[in-house]
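Chemist: So that we are looking at the same thing, I have put the structure below in structure tokens.
The values are calculated or read from the model by the stated rules, or taken from the named source; none is laboratory data. Just so it is clear, the structure is predicted and the values come from calculations on it, not from any experiment. Quick reminder, even Gly has a Cβ in these numbers, built from the backbone with ideal geometry, and neighbours come from all protein chains shown. Each accessible area value is taken on the protein alone, full model and side chains, heavy atoms only, with ligands, DNA and RNA left out. Shrake-Rupley method; radii C 1.70, N 1.55, O 1.52, S 1.80 Å.
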Amino acid sequence: MSAPARPPNSSQRTAAIDVNWVRAQFPSLKQIINGHPAAFLDAPAGTQVPQQVIDAFRDYFENSNANTCGAFATSRRTDAMIAGARRAMADFFNCEPAEVFFGPNMTTLTFALARGIGRDLQSGDEIVVTALDHDANVAPWRALEDRGVVIRQVDIHEEDCTLDMADFQRKITPRTKLVAVGYASNAVGTINPVREIIRLAHDAGALAFIDAVHYAPHGTIDVRELDCDFLACSPYKFFGPHMGCIYGKRELLMRFRPYKVRPAPEYLPDRWESGTQIHEGLAGVTASINYMAALGRKCDSSATTRRAALVSAHRAMRGHEMSLAAEMVRGLLAIPSLRFYGISDPSRFAERVPTVAVRLANRTPLECAKFLGDRGIFTWDGNYYALNLTERLGVEKTGGLLRIGLVHYNTAEEVSRLLAGLRELATPTAHAPSH
Ligand SMILES: Cc1ncc(COP(=O)(O)O)c(C=O)c1O
């Protein structure tokens, strides 16, 4: 096996993860499908959850279930639990708890934020989006076209599915008010040069909104260091419950005006949270952060704070998953009828996460996903809402792409099974997939 691609901030201090310990934390990984152990290679659509997240739901309902700000015990516990979830996400982002607001998912929150920001935009103001992004970081900004806002879309380099940075520079103009870009592509795994993009946006006097939904399970996020203005992610992509959350700079969260009901608080971050939150989910968010922190401490006993433990966890997770990814990409490239989309050169793996997209010449992505699914190997077919990209690559009308996504609970054996399945499918005599 080749040496794992070293993450940008890798340290010798962090030990490799103990994948047996990891897998023992996730009860759902034990499932058997048609006699095969389930191989969850579908993480980009949502990860499995550790026992402590399941326990947090149960504990919330058993001991704290109430609405907020009431003058009795369970309501006070709920308030304390929500404050804890904000502190947990603040450690994850490296920001203040008041700068994190929650909601049902990233898409809903981004529409709400975009509508709030849009109130202060004028006709002719510009927003930059990209062809690489999930539509949740495109459609909310495009909705502002109704107000006369002009949307400019940055193109990609088709050969490796990276952003065309020269085009980026052209698309940012003196009228640009906001740049919306993903941290990593949920379709092809490219990590975008977000630091550079944020600098370009700021140089033009524009704000930078980063969609970190796909990056969050794979790398440390530091909003202070990035200096982004907003950053979104979804805890269900990093071992937590189905929820979304957004970081915003305090001053901006106060400056822009959310649409809200009159009695709802004006203070941060509550002014951006409409209606009752998913309390049990918030309890689960803290549990998922604490799970990763526990993993980080196992790999690095010198990590004293939760933030330090999360940084160690990401380092360890990335070492494991990129080592598997190197093996997987090598195996995929050896299948003659397979077309690989995105960065495949191992010397450039610092520019990608372990999410890959492929097509077989003789099978649609759906046929591949079904064939693998019948063998207990969970992958995804279609566009996964990265619609700009599948259209740009010319695959949208023929079923999109087959996506395989690894996280730290995946194993070398699962990768071998995937490769064997695809090799079998790629041979002309392969069993015809059922429809
Ligand atoms: C990169 C990316 N952005 C945004 C989203 C939307 O997130 P949510 O499902 O929380 O609305 C997804 C979901 O798959 C995603 O992968």
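Chemist: Taking the Cα centre of each part, how many Å lie between the range 128-162 and the range 327-399?
Modeler: Using only Cα atoms, the two centres lie 22 Å from each other.
Chemist: Could you work out the helix-only [θ] at 222 nm for the chain, with each DSSP H run of four or more residues adding -39,500 (n - 2.57) and the total divided by the number of residues, to the nearest 500 deg cm²/dmol?
Modeler: After summing the helix terms and dividing by the residues of the chain, the value is -11500 deg cm²/dmol.
Chemist: With no solvent and one point on each alpha carbon, what is the Debye value of log10 I(q)/I(0) for the range 248-339 at q = 0.18, 0.22, 0.23, 0.24 Å⁻¹?
Modeler: -0.89, -1.01, -1.04, -1.07
Chemist: For Arg352, what residues show an amide H to amide H distance below 5 Å, using hydrogens built from the backbone and excluding near sequence neighbours?
Modeler: Correct list: Ile191.
Chemist: Pull out the extension gain between Glu413 and Glu145, defined as 0.36 nm times the separation in residues minus the alpha carbon to alpha carbon distance; nm, one decimal.
Modeler: 91.6 nm
Chemist: Largest first, what is the accessible-area ranking of Ile127, Ile32 with a 1.4 Å probe?
Modeler: Result, largest first: Ile32, Ile127.
Chemist: Could you rank Asp203, Asp135 by how accessible they are, 1.4 Å probe, largest area first?
Modeler: Asp203, Asp135
Chemist: Tell me which residues come under 5 Å, amide H to amide H, from Ile377 once H is placed; ignore anything under 5 positions away on its chain.
Modeler: Amide H to amide H, under 5 Å and 5 or more residues apart or across chains, Ile377 pairs with Ala39.
Chemist: Sticking with this structure for a sec: Sticking with the crude label model, points 7 Å out along Cα→Cβ, report the distance from Ala166 to Glu266 in nm, one decimal please.
Modeler: Between Ala166 and Glu266, the label points sit 5.1 nm apart.
Chemist: Over all distinct alpha-carbon pairs, what is the Kirkwood Rh of the range 6-116 in angstrom?
Modeler: Its Kirkwood hydrodynamic radius stands at 17.9 Å.
Chemist: Output wanted: per-residue J couplings in Hz (rounded whole) for the range 26-38, from phi through Karplus 6.51 cos²θ - 1.76 cosθ + 1.60, θ = phi - 60°, x for Gly and Pro.
Modeler: Once θ is set to phi - 60°, the couplings for the range 26-38 become 10, x, 5, 5, 7, 5, 10, 10, 6, x, 10, x, 5 Hz.
Chemist: Just grab the label-to-label distance for Thr276 and Leu252, each label 7 Å out from Cα along the Cβ direction, in nm (one decimal).
Modeler: 3.2 nm
Chemist: How far apart, in nanometres, would the label points at Ala361 and Trp21 be if each is projected 7 angstrom from Cα along the Cα-to-Cβ direction?
Modeler: 4.7 nm
Chemist: Could you bin all the Cα-Cα distances of the range 192-235 into 10 Å bins starting at 0 and give me the percent of pairs in each, rounded to whole numbers?
Modeler: 28, 57, 14, 1
Chemist: Which FRET efficiency value, to the nearest 0.05, do you get for Phe61 and Thr108 by plugging their Cβ-Cβ distance into 1/(1 + (r/R0)^6) with R0 = 30 Å?
Modeler: It comes to 0.80.
Chemist: In the chain, what is the count of Lys pairs whose alpha carbons are under 28 Å apart, counting only pairs at least 8 residues apart or on separate chains?
Modeler: For the chain, qualifying lysine pairs total 14.
Chemist: I want to verify a result. In a Gaussian network model of the chain, Cα cutoff 10 Å, which of these has the top mean-square fluctuation: Lys177, Lys370, Lys260?
Modeler: Comparing Lys177, Lys370, Lys260 in a Gaussian network model of the chain, the most mobile one is Lys260.
Chemist: For the range 50-59, take each phi angle, set θ = phi - 60°, evaluate the Karplus expression 6.51 cos²θ - 1.76 cosθ + 1.60, and give the result in whole Hz per residue in order, putting x for glycine and proline.
Modeler: Rounded to whole hertz, the list is x, 3, 5, 6, 4, 5, 5, 4, 4, 4.
Chemist: At most 15 other C-beta atoms within 10 Å and a DSSP loop state: those are the exposed GluC sites (Glu not before Pro) I care about. Give me the longest piece of the chain that has none.
Modeler: Free of exposed loop sites, the longest segment is 267-435.
Chemist: How large is ³J(HN,Hα), in whole Hz, for each residue of the range 309-316 in order, when computed from phi with the Karplus curve 6.51 cos²θ - 1.76 cosθ + 1.60 and θ = phi - 60°, using x for Gly and Pro?
Modeler: For the range 309-316, the Karplus curve yields 5, 5, 5, 5, 4, 4, 4, 5 Hz.
Chemist: So for the range 181-290, what are the equivalent ellipsoid semi-axes in whole Å, largest first, each being the square root of 5 times an eigenvalue of the Cα gyration tensor?
Modeler: Its equivalent ellipsoid spans semi-axes of 24, 21, 10 Å.
Chemist: Magnitude of the Cβ-charge dipole of the range 336-435, K/R +1 and D/E -1, about the Cα centre, nearest 20 debye?
Modeler: 160 debye
Chemist: Hey, another quick one. Compute the Rg to Rh ratio over the range 112-159 from the alpha carbon atoms, using the Kirkwood formula for Rh, and round to two decimal places.
Modeler: Result for the range 112-159 is an Rg/Rh of 1.02.
Chemist: Stretched out fully, how many nm does the piece from Ala98 to Glu396 gain, at 0.36 nm a residue minus the Cα gap?
Modeler: Contour length minus the Cα-Cα distance gives 103.2 nm.
Chemist: Here's a follow-up. For the chain, what is the charge dipole size about the Cα centre, in debye to the nearest 20, if Lys and Arg each add +1 at the Cβ and Asp and Glu each add -1 at the Cβ?
Modeler: 460 debye
Chemist: Let me know the shape class of the range 352-415, please: from the alpha-carbon gyration tensor, a ≥ b ≥ c as square roots of the eigenvalues, rounded when a/c is under 1.5, otherwise prolate if a/b is greater than b/c, or oblate.
Modeler: oblate
Chemist: Using the scaling law 2.2 N^0.38 Å as the reference, what is the normalised Cα Rg of the range 302-398?
Modeler: 1.32
Chemist: Running a GNM on the chain with Cα contacts under 10 Å, which residue among Thr286, Thr47, Thr411 ends up with the highest mean-square fluctuation?
Modeler: Thr411
Chemist: Here's a follow-up. Which order do Cys95, Cys233 take by accessible area at a 1.4 Å probe, largest first?
Modeler: Order by accessible area, largest first: Cys95, Cys233.
Chemist: At q = 0.18 Å⁻¹, what is the log10 ratio I(q)/I(0) for the range 113-240, with the Debye formula run over Cα points and no solvent?
Modeler: Reported log10 I(q)/I(0), two decimals: -0.94.
Chemist: Now for a different question. For the chain, what Kirkwood radius comes out of the mean inverse Cα-Cα distance, in Å?
Modeler: In the chain this quantity evaluates to 22.4 Å.
Chemist: Using modelled backbone amide H atoms (1.01 Å from N, in-plane), which distant-in-sequence or interchain residues come within less than 5 Å of Thr68's amide H?
Modeler: Those lying under 5 Å, H to H, from Thr68: there are none.
Chemist: Using a 10 Å Cβ count of at most 12 others and DSSP loop calls, identify the longest part of the chain lacking such chymotrypsin sites (Phe, Trp or Tyr not before Pro).
Modeler: 73-258
Chemist: Which whole-number percent gives the relative contact order of the chain, counting Cα pairs below 8 Å spaced six or more residues apart?
Modeler: It comes to 23 percent, rounded to a whole number.
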